[in-house]
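The values are calculated or read from the model by the stated rules, or taken from the named source; none is laboratory data. Keep in mind that this is a model prediction, so the values were computed, not measured. Here Cβ is always computed from backbone atoms with ideal geometry, including for glycine, and neighbour counts include all displayed protein chains.
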Amino acid sequence: MAHEKNTRKKGGVGKILLVLVVLLALAVGGALLFAHNEISGNGRPGTEVTVSIPQGSGVSVIAQKLKDAGVIRSAYLFRWYVGQKGAASKLQYGDFTLQKSACSYDAIIAVLSTYAKAETVRVTIPEGTTAIAIAQKMEAAGLCSAGLCTAEEFLKEANTGDFSEYKFWQYVPDDKDAPDRFLKCEGYLFPETYEFLKDDTVHNYVATFYAQFDAQITDEMYAELKKQDMTLPQLITLASFVQEEAGNSQDSNVAQVFRNRLAADSPYPRLQSNTSSYIQSDSDNNYLWNWVAPYYGGWDNIPENIVAAYDTYSCKGLPAGPISNPGIAAIKAALAPQPNEEAKDAYFFVTDLKGSYYYARTLSEHNANCQKAAQVNKTVNTEK
């Protein structure tokens, strides 16, 4: 009897295993059938839809837009297929007409690989342009009909829109977590020459800037940030000061001076940069005076916490956020400067009207350099 019971138990286990194998085979078969039909476009034909692909969009963004439009059912499968085909670099931006559910992946790739002939507007954003200035440029370019792309609309979308598809976005804190920061978007609207589609959405215009920024920050750069225990906002904030104080062959030297000041044992823990300070003068390139004050309707209307967080003569360390949108050279210099000997241990620098930079380690050396620069400036002004 015992032997008969064991035989029954073994038979029961065998049946269960058989059922599991059959179910697994059905699941695998179903997945393969789904993939085959999806890739081949064997779904029931649907209506035609227009899919807008912003300039600079990667395969992940494109796949998600196709899925959202109902053209494909699996963004993951499309990304994999494009990778297998080596077609990522062929995909273009623009407006594309596609059919829901019935397009093969090859047909979709073929359509997206054809440059969409649409009316575009070229906009050039120089390195170091502020977010407000970029918004004003976008409005002046007349990109949207019926005044939809005003500077205010652009800034609102750039600061409050959902751009979580870009890796960098997860590292930029929301306003509630950065109450002293002026604008969330400042620093991440990458300066470049763009071809924007006319009458596109404000979201897509902003996304074009963010996609370009996202492409600049490599995995190696993120790894270096982690190694230095530095955040992305800290890097871009520092880079914005490098851009404003140099933006030339002196990027690494200026970055090193600022990093020396930011070091834990620094005798000068403030940046003390006129590019963001208490100085109220139209002749200076001062973020607080030239951009923040007009935004609030005058200097006296700037919230006290904003002034305190951006006046580099009073706040220790970096201010609450970037003061412009730096280029990649300034970003790389801020992350890993390669200074020359005179700037390696310096805490000060001053420039003259001829573009020369003078570096110093002590305040007395700096004061002497200021006198040298003043003499050069006097000569230049006399020659005028």
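Answer with yes or no whether residue 313 is over 15 Å from residue 243 (Cα atoms), part of a helix (DSSP H, G or I), in the same structural domain as residue 361 (by TED's automatic domain parsing) and at pLDDT 95 or above. So residue 313 fails the test. A single member of 274, 260 is surrounded by fewer than 24 Cβ atoms within 10 Å (Cβ to Cβ), among the polar types (S, T, N, Q) and outside any loop (DSSP other than H, G, I, E, B), and it is 260. The set of residues in region 301-351 that are farther than 25 Å from residue 191 by Cβ and of a type in the set (S, T, N, Q) comprises 301, 305, 314, 340.
Can you confirm whether residue 300 is within 26 Å of residue 175 (Cα to Cα), modelled with pLDDT of 95 or more and either over 28 Å from the mean Cα position of the chain (by Cα) or of a type in the set (Gly, Ala, Ser) (or both)? Spelling it out, residue 300 is indeed within 26 Å of residue 175 (Cα to Cα), modelled with pLDDT of 95 or more and either over 28 Å from the mean Cα position of the chain (by Cα) or of a type in the set (Gly, Ala, Ser) (or both).
Give the number of residues within region 79-99 that are crowded, with 17+ Cβ neighbours inside 10 Å, under 19 Å from residue 37 (Cβ atoms) and of a type outside the set (Phe, Trp, Tyr).
Going through region 79-99, the residues crowded, with 17+ Cβ neighbours inside 10 Å turn out to be 79, 81-82, 87, 91, 93-94, 96, 98-99.
Imposing the further condition that a residue be under 19 Å from residue 37 (Cβ atoms) reduces the set to 79, 81-82, 98-99.
Among the residues that remain, those that are also of a type outside the set (Phe, Trp, Tyr) are: 79, 82, 98-99.
Count: 4.
Consider region 362-384 and keep the residues that are surrounded by 12 or more Cβ atoms within 10 Å (Cβ to Cβ) and of a type in the set (Lys, Arg). The one that is nearest to residue 261 (Cα to Cα) is 372. Any residue at all in region 360-379 that is closer than 28 Å to residue 130 by Cβ, in a loop (DSSP other than H, G, I, E, B) and not acidic (Asp, Glu)? Looking for residues that are closer than 28 Å to residue 130 by Cβ, in a loop (DSSP other than H, G, I, E, B) and not acidic (Asp, Glu), one finds none in region 360-379, hence no. So, residue 86, is that one out of contact with any Lys or Arg (no Cβ under 8 Å at 6 or more places or on another chain), among the small types (Gly, Ala, Ser) and free of Cβ contacts under 8 Å to residues at least 12 places away in the same chain or not? Judged against the criteria, residue 86 is a match. Yes or no: region 300-307 includes at least one residue that is out of contact with any strand residue (DSSP E or B) (no Cβ under 6 Å at 6 or more places or on another chain) and under 22 Å from residue 126 (Cβ atoms). No, region 300-307 contains no residue that is out of contact with any strand residue (DSSP E or B) (no Cβ under 6 Å at 6 or more places or on another chain) and under 22 Å from residue 126 (Cβ atoms).
Report, by residue number, each residue of region 192-207 that is surrounded by fewer than 22 Cβ atoms within 10 Å (Cβ to Cβ) and out of contact with any Phe, Trp or Tyr (no Cβ under 9 Å at 6 or more places or on another chain). Once the filter is applied, which keeps residues that are surrounded by fewer than 22 Cβ atoms within 10 Å (Cβ to Cβ) and out of contact with any Phe, Trp or Tyr (no Cβ under 9 Å at 6 or more places or on another chain), region 192-207 yields 193, 198, 199, 201. Would a scan of region 59-78 turn up a residue that is at pLDDT below 85 and surrounded by 18 or more Cβ atoms within 10 Å (Cβ to Cβ)? Within region 59-78, not a single residue is at pLDDT below 85 and surrounded by 18 or more Cβ atoms within 10 Å (Cβ to Cβ).
Scanning region 40-51 for residues that are closer than 16 Å to residue 111 by Cα and surrounded by fewer than 18 Cβ atoms within 10 Å (Cβ to Cβ) yields a count of 4.
Condition test on residue 211, is it more than 19 Å from residue 156 (Cα to Cα), modelled with pLDDT under 95, not in a strand (DSSP E or B) and not basic (Lys, Arg)?
On the way: more than 19 Å from residue 156 (Cα to Cα): no; modelled with pLDDT under 95: yes; not in a strand (DSSP E or B): yes; not basic (Lys, Arg): yes.
No; evaluated as a whole, the condition is false for this residue.
Working carefully through the options 180, 175, find the one that is without any contact (Cβ under 8 Å) to a residue 60 or more places away in the chain and either closer than 15 Å to residue 56 by Cα or touching a helix residue (DSSP H, G or I) at 6+ places or on another chain (Cβ under 8 Å) (or both). Walk me through it before giving the result.
Details: 180 fails: without any contact (Cβ under 8 Å) to a residue 60 or more places away in the chain.
Only one candidate qualifies: 175.
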